[in-house]
Amino acid sequence: MLISYGNYNGAGGISREEACSIVYSMAIDELLSKASVLRDSIKGKVVTYSRKVFIPLTYLCRDRCSYCTYRKEPSDVDDIMLKPEHVLTLAEQGKRMGCTEALFMTGERPEQRYNEARQWLRSRGYSSTIEYIADMSRLVLDRVGLLPHTNAGNLTLDEVKMLKEYNASIGLMLENVSPRLMDNGMAHEHAPSKHPMLRLKTMENAGRAGVAFTTGLLIGIGESMEEVIDSLFAIRDIHERYRHIQEIIIQNFNPKPNTPMAYWSKPSREYMLKVVALTRLIMPDMNIQVPPNLNPNFDEFLGSGINDWGGISPLTIDHINPEAPWPSIESVKRRTEAKGFRLRARFPVYPEYIRDEYLASRVMEAINGMRDEYGLVRGY
């Protein structure tokens, strides 16, 4: 049974006015129930995850986000960027452990800040970090058969097209659409690439290029609930124009030692549950994820409308949140099934986006060799 209030019509979801009203007037149990019923009616009882290996190509970044411990200085790393032989070693280890996704992660355009990064790239024939990622994506796809997914910050249209040749999907967290978070003392004060207009432009570029795209919100970094709602509607507006956003991650902020935001509070359980449920009501057809390693009681989010656990690695740590180890896939399976769902492994591209308009031929060929009749990973 679908929700019966507001302007929900089975496609577009509730309006912004309704979302603002619901979040303050509706009891949380009723809100979660409506989101869960809606999820069941559209997504059924299968919950997915992607079995991945995390490949951090470089820890250098031009930005200085107030919550980040991923970023390092050139003097703090053994090598400026991960060399091809090390990339292949990680990919091959992941393949042996049943991974299908190679998640390429970098800081934002380190060559714009560091001469060391520029020299490293130029000495190997690359003009940018994005160009190097594209080549490593090609290497992993062709030599190992893993499907690349790239998170590398803002991208031009030409860069998106370059990555599409070898990537099953691309990701960029919007985090929040409010430029207020770039003010003095806020999370993005020293992170020019986090300006929401730049992030939205990258999302638009992915839509114009026909790339299956993952985005999401970072919850608890100083935003208001109204700004969360504005962010969800900004994502929905772009998706309604291009129909390319395959997944929304609702990620909770975890304070980290030795950062400017080390003493900030985590978002509350109720706040997170409300945001997840609102996301489902605003975008009924969307794939919605909460990271299980950042939430010890992750299975409770099955009661708020999610249908995915994101990437889980049996091999590598979460380099963005190294303090938060992945739960074992076996434990995720057990806790998911205890709630009445079935856990299945997906590719970095969701089944509904395994289509020629979203995938280059070599990527499609690799997926076809591993997929079942539902577009999920055969045998997992």
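In segment 287-323, the residue that is surrounded by the fewest Cβ atoms within 10 Å (Cβ to Cβ) out of those that are within 13 Å of the chain's Cα centre (by Cα) and in a loop (DSSP other than H, G, I, E, B) is ILE320. Of a type outside the set (Val, Ile, Thr), under 19 Å from GLU159 (Cα atoms) and in contact with a helix residue (DSSP H, G or I) (Cβ under 9 Å, 6 or more places away or on another chain) - does that describe any residue in segment 91-98? No: zero hits.
Every residue in segment 230-246 that is more than 14 Å from LEU218 (Cα to Cα) and not basic (Lys, Arg), please.
Start the filter on segment 230-246 by keeping residues that are more than 14 Å from LEU218 (Cα to Cα), which leaves 233-234, 236-246.
Across segment 230-246, the qualifying residues are PHE233, ALA234, ASP237, ILE238, HIS239, GLU240, TYR242, HIS244, ILE245, GLN246.
For the residues GLU92, GLU108, the requirement of being touching a residue at least 40 places away in the same chain (Cβ under 8 Å) and either assigned to a loop (DSSP other than H, G, I, E, B) or more than 24 Å from PRO348 (Cα to Cα) (or both) singles out GLU108. With respect to the conditions (1) closer than 18 Å to ALA366 by Cβ; (2) in a helix (DSSP H, G or I), HIS86 lacks only one, and its number is (1).
Regarding segment 291-299, can at least one residue be identified that is touching a helix residue (DSSP H, G or I) at 6+ places or on another chain (Cβ under 9 Å), of a type outside the set (Asp, Glu), closer than 20 Å to ASP29 by Cα and in contact (Cβ under 8 Å) with a residue 40 or more places away in the chain? Yes, there is a match, as at least one residue in segment 291-299 is touching a helix residue (DSSP H, G or I) at 6+ places or on another chain (Cβ under 9 Å), of a type outside the set (Asp, Glu), closer than 20 Å to ASP29 by Cα and in contact (Cβ under 8 Å) with a residue 40 or more places away in the chain. For segment 155-169, filtering for residues that are without any contact (Cβ under 8 Å) to a residue 60 or more places away in the chain and surrounded by 20 or more Cβ atoms within 10 Å (Cβ to Cβ) leaves 5. If only residues of segment 1-49 that are part of a helix (DSSP H, G or I) and of a type in the set (Val, Ile, Thr) are counted, the one that is modelled with the lowest pLDDT is VAL23.
The values are calculated or read from the model by the stated rules, or taken from the named source; none is laboratory data. In this text the structure is predicted, and so the values were computed from the model without any measurement. Cβ sites come from the backbone with ideal geometry, for glycine too, and all protein chains shown count toward neighbours.
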